[in-house]
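**Q** Sharing a structure with you now.
What follows draws every value from the coordinates through simple rules; no lab data is involved. Quantities reported herein were computed from a predicted structural model and do not represent experimental measurements. Here Cβ is always computed from backbone atoms with ideal geometry, including for glycine, and neighbour counts include all displayed protein chains.
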Amino acid sequence: MKKIYLIISAYNEEENIPVLLDSLEKNLQSKNIANYEMVFVNDGSSDQTLAELLKAQKVRQNIIIVNQSKNFGHEIAMTAGLNYVAEENKSGENDFAVIFMDADLQHPPEIAAEMIQLWEQGKKLILTQRTDNEDKGLRYKILGNTYYWILNTLSDVKIPRNMPDFRLLDKKYVLWINSLNETDRMFRGMLSLVGLQDAHIINFAAPKRNAGTTKYNFWNLYKLAIDSVIQFSVKPLRIATFIGVLGCIFSILFLAYSIYNSWIHHEPRTGYLTLLSAVIFFCSLIIFFLGIIGEYIGRIHIEVKNRPLYFNEIIKNEEK
Ligand code: UDP
Ligand code: MG
């Protein structure tokens, strides 16, 4: 039996839930897709999201609510949804696929329907690429491009640009991804680790968010950026050592040059300002590199504790 799981993470999306459900059902029905289940991960919402989901569950057989005990963040929410699906299918008998979606309708349900059709035709990994994002202004786009450039230069895995978390993974990929049990989750990077060779890519323009506001602020994005570099590479450490070595060589040359100047040419030594700026420059460099090392050590610290990633309860339809 073949089944599709739509994993939808929602954090304060009360107004979007009914609209999304409507649109999903309409689109899937029009393509004669019936055997699907919607796994809503309520990521500790403080509004009526859970109430909306419970209401929807009462009149439908195919809604599962994964209710996180608090807000753990989008990546963890997706992991929780994925773990639920993996647990449900642990017998390994059934064929299934999962689709990750946002709850704010920026991931169009008609594309989800298209993905399912492609999966039925045999595609195992379907990714999407945003040709445009109507929600984001120019500033964000410039920042985003810079971010991906730095990321792909520094990181060992290649993370494609403008590829949102909207994607379909066949059973095989679900099992692979689930075998990676790092605490810091970054789906984009984890997929690249697994390999993207067979990926089929769909282009779409992301519309504006249906209602509510974006949950990603500057600090979320900063964390995501640092995570994606540190988690998949030790290159920053290597660059730090390299610059250290370069600095050493440079200072020895500079020393030799000043000794030569003062002995041979008897030039009086001034230049406190040069000295001061050199000291400040190298001190900040040291602090920066200590910061890099700290980021890695911090991650080891968290990883070693090996805590569960989240706490939640699964709410199923009682009549089932
Ligand atoms: N989300 C979540 N937990 C969070 C933040 C966001 O589950 O801590 C969900 C959110 O409800 C939405 C999706 O992740 O369905 C994407 O978030 P958002 O639309 O705010 O991000 P953007 O599209 O602006 O990048
Ligand atoms: Mg959004």
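**Q** What 222 nm value per residue comes from the helices of the chain, counting each DSSP H run with n ≥ 4 as -39,500 (n - 2.57) and dividing by all residues, nearest 500 deg cm²/dmol?
**A** -17000 deg cm²/dmol
**Q** Sticking with this structure for a sec: Might you report the magnitude of the Cβ-based charge dipole of region 6-90 about its Cα centre, with Lys and Arg at +1 and Asp and Glu at -1, to the nearest 20 debye?
**A** The dipole of region 6-90 has a size of about 280 debye.
**Q** What residue among I116, I142, I202 shows peak mean-square fluctuation when the chain is described by a Gaussian network model with Cα springs under 10 Å?
**A** I142
**Q** Report the label-to-label distance for S277 and K172 in nanometres (one decimal), using points 7 Å from each Cα along the Cα→Cβ vector.
**A** Label-label distance for S277 and K172, simple model: 5.9 nm.
**Q** Oh, and also: 7 Å from Cα along Cα→Cβ at both N261 and D22: what's the point-to-point distance in nm?
**A** Label-label distance for N261 and D22, simple model: 7.6 nm.
**Q** Could you state the principal axis extents of the C-alpha atoms in region 152-287, from the largest down, to the nearest angstrom?
**A** Ordered largest first, region 152-287 gives principal extents of 76, 35, 28 Å.
**Q** Which whole-number percent gives the relative contact order of region 92-237, counting Cα pairs below 8 Å spaced six or more residues apart?
**A** Computed over region 92-237, the figure is 41 percent.
**Q** In percent, what relative contact order does the chain have, based on Cα pairs under 8 Å that are 6 or more apart in sequence?
**A** Dividing the mean separation by the residue count of the chain yields 23 percent.
**Q** Here's another thing I want to ask about it. Loop only by DSSP, 11 or fewer other Cβ within 10 Å of the Cβ. Give me the trypsin sites (Lys or Arg not before Pro) in region 216-314 that pass, ordered by residue number.
**A** R269
**Q** Pull out the extension gain between Q197 and I142, defined as 0.36 nm times the separation in residues minus the alpha carbon to alpha carbon distance; nm, one decimal.
**A** 17.0 nm
**Q** Here is a further query. Pairs of lysine in region 139-234 with Cα under 25 Å and at least 8 positions apart or on different chains: total?
**A** 9
**Q** Say R0 is 56 Å: what FRET efficiency, to the nearest 0.05, do E110 and I252 get from their beta-carbon distance?
**A** Step by step, r from the Cβ atoms, then E = 0.30.
**Q** So what's the net charge close to T146: Lys and Arg +1, Asp and Glu -1, counting the other residues with Cβ under 15 Å from its Cβ?
**A** +4
**Q** Pull out the extension gain between I286 and K235, defined as 0.36 nm times the separation in residues minus the alpha carbon to alpha carbon distance; nm, one decimal.
**A** Extra length from I286 to K235 when fully extended: 16.7 nm.
**Q** Now, a different point. Can you tell which of P164, S46, A10 lies farthest toward the positive end of the dipole of the chain, using +1 and -1 charges on the Cβ of basic and acidic side chains (Lys, Arg; Asp, Glu)?
**A** P164
**Q** Test of understanding: what is the full-extension gain from E88 to Q61, defined as 0.36 nm times their sequence separation minus their Cα-Cα distance?
**A** Going from the current span to full extension adds 8.1 nm.
**Q** I would also like to ask the following. Kirkwood-based Rg over Rh for region 71-135 (C-alpha set), two decimals?
**A** Dividing the radius of gyration by the Kirkwood radius yields 1.00.
**Q** Which peptide among 241-250, 41-50 comes first, and what is the full order, when sorted by highest mean count of other Cβ atoms within 10 Å?
**A** Highest mean packing first, the order is 41-50, 241-250.
**Q** Also: Could you work out, for the chain, what percent of all Cα-Cα pairs fall into each 20 Å distance bin, beginning at 0 Å and stopping at the bin that holds the largest distance?
**A** The calculated distribution, bin by bin, is 27, 49, 16, 7, 1.
**Q** Let me ask something additional. Answer rounded, prolate or oblate for region 10-105, using the Cα gyration tensor with square roots of eigenvalues a ≥ b ≥ c: rounded when a/c is under 1.5, else prolate when a/b is larger than b/c, else oblate.
**A** Oblate is the answer for region 10-105, as a/c is 1.5 or above yet b/c matches or exceeds a/b.
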